[in-house]
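Contents: one structure, followed by commentary.
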Amino acid sequence: MPQRSHAPFLHAIVGCGRVAPNHVDGFRALAEPWEVGWACDREPARAREFAAEHGIAAATASAAEVFADPAVTSVSLTVDHAQHAPLAEQALTAGKHVLVEKPLALSVVDGERLVRLAADRGRVLSVVSQHLYDPLVRAVHRWVKDGVLGRLLHCRVSLESSREEPYYADSYWRGTWAGEGGSAVINQGYHCLDVARTLCGELRVVASVARCGELFATMETEDTLSALLAAGEVPVAFSVTVGSTVTWRSRIELIGSAGTVEFDIDHPASLHRATGSAELERLAAVERARAAEEEPPGIDYYGVSHRRQIADFAQSVQRGEPMTASTGNGLRMAALITDLYAAAGLDRAQRREA
């Protein structure tokens, strides 16, 4: 094994794909004593290339080798969706803290098992919800909690993105029920829905409709889904598609009895509208003045808030403090997405067996 420095907190990256650079960047941004010491990928050449590119000492194609290293404190799981639950279970069983890209698991049962295991082992388990750490999202959350918008009346949430057929055809897992567990919702629309649930409160599905298998011949999962949800008595309209000509465009609009805000979670996040009371407009001016574009380490619309969530994760590992993106948050999102698919008539378990 290559020589590494003896950092008290050694982190490993399992999965060297599109989002992995954000995890390296986030852990490198931490003050010592954290170090990224492993790069792991099912394709050995990719693991070696990623390690060389990012100055990581050890590379392997075996996640078991990583989990068996007693020096490893924690792991990032940035692999295909179907591998989240089994690899998280292996890592937790080996005594590692786990930061896993969304979703936590493809079934609520698997997610619940992971939550229990993390609690039993006294390990931190967090699902990446980086936009909950965006300064603008945090500001809007404060406005809602402080009653600046008055009583919430309605929420609209949308995400449109463009995906070409090779995105699915060249992947062993995307666009499949077995590998991705869905598509437009569980992959692209997840974060908008996550932010809306955080701002409005727990969501229940009233109705849902989806279109599957019509965008590309290689894609069996949904390319478009629209739904009516409710946060208590507040109606929430949600829509997502990967068939747009627009690369990436998100919108979240909260309409309250005392004010309305409209913003996105693109990069950089923008506050498009804040109207109503003088207090709301004053607070909005403060946020606009504070807004600054930070250079993302990877794909532009991932933003930079992996750094903020990773800092929260590291503090939880070191001090035992609760995280903003708690384990329960990931589990509730898994349940909500399951309900959305079921309401649209998409039985994921049955389709995986077909």
query: Among bridges DSSP assigns within the chain, what percent are antiparallel (round to 5)?
result: 55
- request: Would you mind calculating the gained length between Ser270 and Ala71 on full extension (0.36 nm times residue separation, minus the Cα-Cα distance), in nm to one decimal?
  value: 67.5 nm
- line: Once Ser161, Ser244, Ser62 are ranked on solvent-accessible area with the largest value leading and a 1.4 Å probe, the list reads Ser62, Ser244, Ser161
- request: Please state the charge dipole magnitude for the chain, taken about the Cα centre, from unit charges on C-beta atoms (+1 on K and R, -1 on D and E), reported in debye and rounded to the nearest 20.
  value: 760
- request: Report, to two decimal places, the Cα Rg of the stretch 130-220 normalised by 2.2 N^0.38 Å (N = number of residues).
  value: 1.36
- prompt: How long is the gain from Leu228 to Glu293 if the chain were fully straight, where each residue apart is worth 0.36 nm and the alpha carbon distance is subtracted?
  reply: 20.1 nm
query: For the stretch 87-104, what does the Karplus curve 6.51 cos²θ - 1.76 cosθ + 1.60, with θ = phi - 60°, yield as ³J(HN,Hα) per residue in whole Hz, taken in order and with x for Gly and Pro?
result: 6, 4, 5, 5, 5, 5, 4, 7, x, 9, 6, 10, 10, 10, 4, 5, x, 4
field: Segment Arg142-Asp120, extension gain: residue separation times 0.36 nm, minus the distance between their alpha carbons
entry: 4.6 nm
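What fraction of the Cα pairs in the chain, stated in percent, has a spacing above 38 angstrom? Don't jump to the answer; show the numbers that get you there.
Details: 9613 of 62481 pairs.
Value for the chain: 15 percent of Cα pairs lie more than 38 Å apart.
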Crossing angle, helix 278-290 versus the chain [Cα axis fit, 0-90 degrees, rounded to tens]: 30
- prompt: Taking the Cα atoms only, what angle lies between the long axis of helix 327-343 and the longest principal axis of the chain, rounded to 10 degrees?
  reply: 60
statement: With label points set 7 Å from each Cα along the Cα-to-Cβ direction at Glu49 and Glu202, the distance between them in nm comes to 4.5
- prompt: Quick one: putting +1 on the C-beta of Lys and Arg, -1 on the C-beta of Asp and Glu, what dipole do you get for the stretch 129-226 around its Cα centre, in Debye to the nearest 20?
  reply: 720
Cβ-derived FRET efficiency at R0 45 Å, Arg282 paired with Glu32, nearest 0.05: 0.65
task: List every residue whose amide H lies under 5 Å from the amide H of Val36, counting only residues 5 or more places away in sequence or on a different chain, with H placed 1.01 Å from N in the peptide plane.
output: His11
field: Cβ crowding within 10 Å averaged over residues, with 121-130, 202-211 ranked highest first
entry: 121-130, 202-211
Dipole of the chain, positive direction: furthest Cα of His84, Pro135, Trp38, with charges on the beta-carbon: Pro135
- line: Per GNM of the chain with C-alpha springs under 10 angstrom, the most fluctuating residue out of Glu32, Glu160, Glu101 is Glu32
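The values are calculated or read from the model by the stated rules, or taken from the named source; none is laboratory data. Worth saying up front: this structure is predicted, and the values here are computed from it rather than measured. Here the Cβ is made from the backbone with ideal geometry for all residues, glycine too, and neighbour counts use every protein chain on show. Just so you know, the surface numbers come from the protein's heavy atoms only, side chains and all, with ligands and any DNA or RNA stripped out. Shrake-Rupley method; radii C 1.70, N 1.55, O 1.52, S 1.80 Å.
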